[in-house]
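**Student:** Sharing a structure here in structure tokens format.
The values are calculated or read from the model by the stated rules, or taken from the named source; none is laboratory data. Bear in mind that the values here come from a model prediction, so they are computed numbers and not experimental data. In this analysis, Cβ positions are derived from the backbone assuming ideal geometry, glycine residues included, and neighbour counts consider all displayed protein chains.
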């Protein structure tokens with residue numbers, strides 16, 4: 001350091017313990033508190049029931065997906081649609097020896 005330079009007036013290298021840190025913490029607590037209260041209001045109020053019912057459609061599986069899950073659960077191996085169509089065509093043929 002140079003002789004005669006007062007380093008005590010320099011800007012702090014850490015934010016801990018400064019007014020800026022107190023403001024930062026208060027701002028973060030305010031944002032979190034507001035978000036929690038806002039979320040609780042919308043979750044627990046009857047005001048949002050129509051919006052919740054409209055959004056439930058987005059979370060339901062289409063009928064094809066439900067049927068596919070049932071087929072997988074019943075023990076059928078996962079096959080492509082082309083393979084299933086081919087097997088159905090073979091079942092319809094009457095010239096096969098197992099019929």
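**Student:** Could you go through region 47-54 and let me know if any residue there is in a loop (DSSP other than H, G, I, E, B), at pLDDT 80 or above and surrounded by 10 or more Cβ atoms within 10 Å (Cβ to Cβ).
**Tutor:** Within region 47-54 (the criterion being in a loop (DSSP other than H, G, I, E, B), at pLDDT 80 or above and surrounded by 10 or more Cβ atoms within 10 Å (Cβ to Cβ)), the answer is no, since none of the residues qualifies.
**Student:** Let me ask something additional. Considering only region 1-36, how many residues are assigned to a helix (DSSP H, G or I) and either at pLDDT below 80 or loosely packed, with under 10 Cβ neighbours inside 10 Å (or both)?
**Tutor:** Here is the first cut: in region 1-36, the ones assigned to a helix (DSSP H, G or I) are 7-9, 19-36.
Still in the running and either at pLDDT below 80 or loosely packed, with under 10 Cβ neighbours inside 10 Å (or both): 7-9, 19.
Total meeting the criteria: 4.
**Student:** Here is a follow-up. Could you check, for region 67-81, whether at least one of its residues is under 30 Å from residue 43 (Cβ atoms), in a helix (DSSP H, G or I) and outside the structural domain of residue 42 (by TED's automatic domain parsing)?
**Tutor:** Going through region 67-81, the residues under 30 Å from residue 43 (Cβ atoms) turn out to be 69.
Okay, now just the ones that are also in a helix (DSSP H, G or I), so 69.
Checking the rest, the ones that are also outside the structural domain of residue 42 (by TED's automatic domain parsing) come to 69.
Checking region 67-81: at least one residue is under 30 Å from residue 43 (Cβ atoms), in a helix (DSSP H, G or I) and outside the structural domain of residue 42 (by TED's automatic domain parsing).
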